[in-house]
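Where a number appears in this text, it was derived from the coordinates with a stated rule and is not lab data. Since the structure is predicted, the reported quantities are computational estimates derived from the model, not experimental observations. Using ideal geometry, Cβ is built from the backbone for each residue, glycine included, and neighbour counts are taken over all protein chains shown.
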Ligand code: NAD
């Protein structure tokens, strides 16, 4: 059980982050939900998970493309809940274009949200984990943290970067009861994946079903999408005592993608 543990999940009003939040709250953790927006729906989502699970769940707005906002998110959550035990760096965006046409603004945004935000939140969270004498950092990387695809230069660079950053975090916490690992999902059918289907259809000149079957799941030998619940379960495993000596590594949840 994660009862008594305080979990912060960046980018968690949708997709994988939301799935992870539901799993951790169901196992008793106190959860800070986050995104860049600040709507009644965001706060209602926190209330809904709290009502379903009995956990203390609150929505804390912070834009993960901004360094100060990342650090302030950790400080605010720690103040609201009394500390930080689990940090899940999940916020991420995607953009698909050939390198020569890749917008500079998109490159900078993807590096900021998918990579630099984890540096800022981790920097703010580690002293708080050390103070409470326990910690888990789980970075949601990707199969694209271990392999590449054309047209995803910024995303692949950021995801390889976060795998490296995870290893450094593990080494700097190795003698403390703190671990840092990265989960590398293959394709999970979330709004992020939905949004890239039209661009991929254009790049490859294919229809939707062909893109799903021959581009996306072509690399996923199971021919099935992974689910947000499976990613949540993997985070929960990494937070368990069975995983106390698992640190500085990656766990693929990719239907065999990286075995190919
Ligand atoms: P999603 O679009 O459903 O969710 C992304 C989340 O990040 C949302 O909650 C969004 O609000 C948040 N976010 C975006 N910009 C933000 C910002 N500036 N500040 C704060 N929050 C922000 O996508 P998803 O598929 O659930 O992706 C979640 C993570 O999983 C990403 O890091 C993604 O790279 C990774 N991932 C996804 C897949 C997949 O197939 N879906 C595969 C591998 C890795």
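For helix 228-238, report the angle its Cα long axis makes with the longest principal axis of the Cα atoms of the chain; keep it between 0 and 90° and round to the nearest 10°.
That works out to roughly 50 degrees.
Taking Cα atoms, how many degrees apart are the long axis of helix 15-26 and the longest axis of the chain, rounded to 10 and kept between 0 and 90?
Here the helix axis deviates by roughly 30 degrees.
Which of 73, 165, 151 moves most in a GNM of the chain, Cα contacts under 10 Å?
151
In which sequence would 144, 43 go, from the one with the fewest C-beta neighbours within 10 Å to the one with the most?
With the sparsest Cβ surroundings first, the list reads 43, 144.
Express the Stokes-Einstein translational diffusion coefficient of the range 1-94 in µm² s⁻¹, to the nearest whole number, given a Kirkwood radius over alpha-carbon pairs, 25 °C and a viscosity of 0.890 mPa s.
Answer from the Stokes-Einstein relation: 192 µm²/s.
For every helix of n ≥ 4 consecutive DSSP H residues, a contribution of -39,500 (n - 2.57) applies; sum these over the chain, divide by its total residues, and give [θ] at 222 nm rounded to the nearest 500 deg cm²/dmol.
Estimated from H runs of four or more residues: -13500 deg cm²/dmol.
Enumerate the whole-percent occupancy of each 10 Å bin, from 0 to the last occupied one, for all C-alpha pair distances of the chain.
8, 32, 37, 19, 4, 0
How big is the gap, in Å, between the Cα center of the range 168-201 and the Cα center of the range 99-158?
If you average the Cα positions of each part, the centres end up 8 Å apart.
For the range 133-260, count all C-alpha to C-alpha pairs, find those more than 25 Å apart, and express that count as a whole percent of the total.
Value for the range 133-260 (Cα pairs over 25 Å): 29 percent.
Evaluate the range 77-134: find the radius of gyration of its Cα atoms, find its Kirkwood radius, and give the ratio Rg to Rh.
Ratio of gyration radius to Kirkwood radius: 1.18.
Give me the angle, in degrees from 0 to 90, between the Cα long axis of helix 40-53 and the longest principal axis of the Cα atoms of the chain, rounded to the nearest 10.
With rounding to tens, the tilt is 60 degrees.
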